[in-house]
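None of the figures in this text is laboratory data; all of them are computed from the coordinates on show. Predicted, not measured: the structure shown is a model, and the values here were computed from it. Counting neighbours? That spans all protein chains shown, and the Cβs are built from the backbone with ideal geometry, glycine included.
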Amino acid sequence: MKTEHGKCSDVRIAYIGGGSHGWAWTFLKDLAQEEELSGIVDLYDIDQPMAEQNAVIGSRLFARPEVKGQWVFQVSGSLKELLEKHPDFVIISILPGTFDHMESDVHLPEKYGIYQSVGDTAGPGGLVRALRTIPMFVEIAEAIKAYCPETLVINYTNPMSLCVKTLYHVFPQIKAFGCCHEVFGTQKILRNLYEMATGDTGVDRSEVIVNVQGINHFTWFDRASVRGTDLFPIYEKFIEEHFAEGYNDPDRNWMNGTFNCAHRVKMDLFCKYGNIAAAGDRHLAEFMPGEIYLRDPEQVREWKFALTTVDWRKERQEEKNAQARRLAAGEEELSLEATGEEGILLIKALCGLRRMVSNVNIPNTGRQISNLPSTAVVETNAVFSKGSIQPVFAGEMKPVIRDLVMPHVINHERILEAAIKPNFSLALEAFMDDPLVKGRISREDGEKLLKEMIRNTLDILPEEWKAQMVY
């Protein structure tokens, strides 16, 4: 990597999960609009034809006259081949398993009255997804340690906290962090409410200054301001006047999309606990006891968010597969609208082209959240500059909010150990203590359900699991 005259050239980016149609295309769009970076993007995927297809899509994109950057796309056939080239950055964005596996994660617990709105981070689905994800991240961490130990590693894969925790467990010296955009959505809402309340317009989302505390998808703001104005009174007043209908972005009405919501869950959490919950309602609901927001589909509708079905994900995957074929054939072009993501900006900062503050998932070894364990992977702000990620001291969480977070922090320890050993008894303890499950199913039924869920993903779990899957 070379830096001169405010530009970085010969940047080498290794992309694990390079056949993706989600984050990979978002990454390409942002890269295409960036003039200060250039280099090589090396794609690796266990489905190599998909990576090769994305290399064609990337090459076509960067041949367009309006595209600003200069990047070459290539494909590696193995992790070793990818990483022994000593990339400057490794990006991890994988789907751990298939949507058939995820269908079991999300929908099998419904037989026992346990509903999940996402199923990739907390709850039964998050746990079983973690059991198959952690061995994959063990392999990735070992490969990074062996071939490129100094490389900066950016993870987008869920369950985020456990993915990052695994990387550091295997290779404590790794330079890794997790990126998530959930905080951005809450900043945008606060920006919009500020503009409505004051008439001051043209506020960029980045002007909303927040103190971030929590774990991924269960993040909180204990301070928030914009242009010198405290946003807590504005948020509180809006909730007093509009709690029943919630907040509806005109382009993202909760009834018109499976990812949309009216933000009533986060408003309710504010009323109960006094801080601003800073993730989408679908995620926030899964960290709370199941009776509160996810008792059944009717209650979910009352709170004005959605259960994201795996059938919907499968349909969307088919649409994306068809679009990928058109893009690779030159029958369609990737649009170049702003994505709102910060991955490229963080890479620029780490290359030394700027300095910025953003939310990040890293271990709490600096006790950036002082009343959570140092072993927890937490989400707080951090300062990004050349080759450096310095967490911002976020202070203590409110005790009442810490009490909500700690069961998940404890479970992360159990799940990591259960996945690495492997150990069904530990997994079952975590399963029964998850707030979405606790008190809603007997231990006998819990053991039966968890074993059935694990059996449905045995084809991509370590062999040691098979002996433990007997009644």
Exercise. So what is the relative contact order for the stretch 182-302, in percent, with contacts set as C-alpha pairs under 8 Å and at least six apart?
Worked result: 23
For this session: For a quick protection proxy, order the peptides 318-326, 423-431, 274-282 by their average other-Cβ count within 10 Å, most packed first.
Result: 274-282, 423-431, 318-326
Exercise. In whole angstrom, how long is each semi-axis of the equivalent ellipsoid of the stretch 83-218, when you take the square root of 5 times every eigenvalue of its Cα gyration tensor and sort them from largest down?
Worked result: 31, 25, 11
For this session: Could you let me know the centre-to-centre spacing of the stretch 1-72 and the stretch 399-455, using Cα atoms, in angstrom?
Result: 39
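When only Cα pairs under 8 Å and 6 or more residues apart are kept, what is the percent relative contact order across the chain?
Computed value for the chain: 17 percent relative contact order.
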Seminar exercise, completed: Gyration tensor on Cα atoms of the stretch 302-346, a ≥ b ≥ c root eigenvalues, a/c under 1.5 rounded, else prolate if a/b beats b/c, else oblate, says oblate
Exercise. Radius of gyration and Dmax for the stretch 1-138's Cα atoms, expressed in Å?
Worked result: 18.0, 61
Exercise. Cross-link list K398/K438; K111/K272; K85/K175; K29/K348; K85/K466; K111/K421: which exceed 25 angstrom alpha carbon to alpha carbon?
Worked result: K111/K272; K85/K466; K111/K421
Problem set entry | Per principal axis, descending, Cα span of the stretch 1-50 in whole Å | 39, 19, 12
Problem set entry | For the chain, fraction of C-alpha pairs farther apart than 42 Å, in % | 13
Problem set entry | Distant-in-sequence amide H partners of K175 (H built 1.01 Å from N, under 5 Å) | V153
Seminar exercise, completed: Membrane-span-like helices (DSSP H runs, Cα span along own axis at least 27 Å, mean Kyte-Doolittle at least -0.5) in the chain -> 123-147, 399-420
For this session: Please turn the phi angles of the stretch 379-388 into ³J(HN,Hα) values with the Karplus equation 6.51 cos²θ - 1.76 cosθ + 1.60 (θ = phi - 60°), one per residue in order, whole Hz, x for glycine and proline.
Result: 10, 9, 6, 8, 9, 9, 8, 3, x, 9
Seminar exercise, completed: Quick note on V90, V409, ordering by fewest other C-beta atoms within 10 Å, gives V409, V90
Exercise. What are the radius of gyration and Dmax of the stretch 182-302, computed over its Cα atoms and given in Å?
Worked result: 13.9, 42
Seminar exercise, completed: Output for the stretch 256-368 (equivalent-ellipsoid semi-axes, sqrt of 5λ from the C-alpha gyration tensor, Å, descending) is 31, 27, 12
Exercise. Whole-Hz Karplus ³J(HN,Hα) for the stretch 151-158, in order, using 6.51 cos²θ - 1.76 cosθ + 1.60 and θ = phi - 60°, x for Gly and Pro?
Worked result: 5, 7, 10, 10, 9, 10, 7, 9
Seminar exercise, completed: By the rule of no other cysteine beta carbon under 4.7 Å, the lone cysteines of the chain are C148, C163, C179, C180, C261, C271
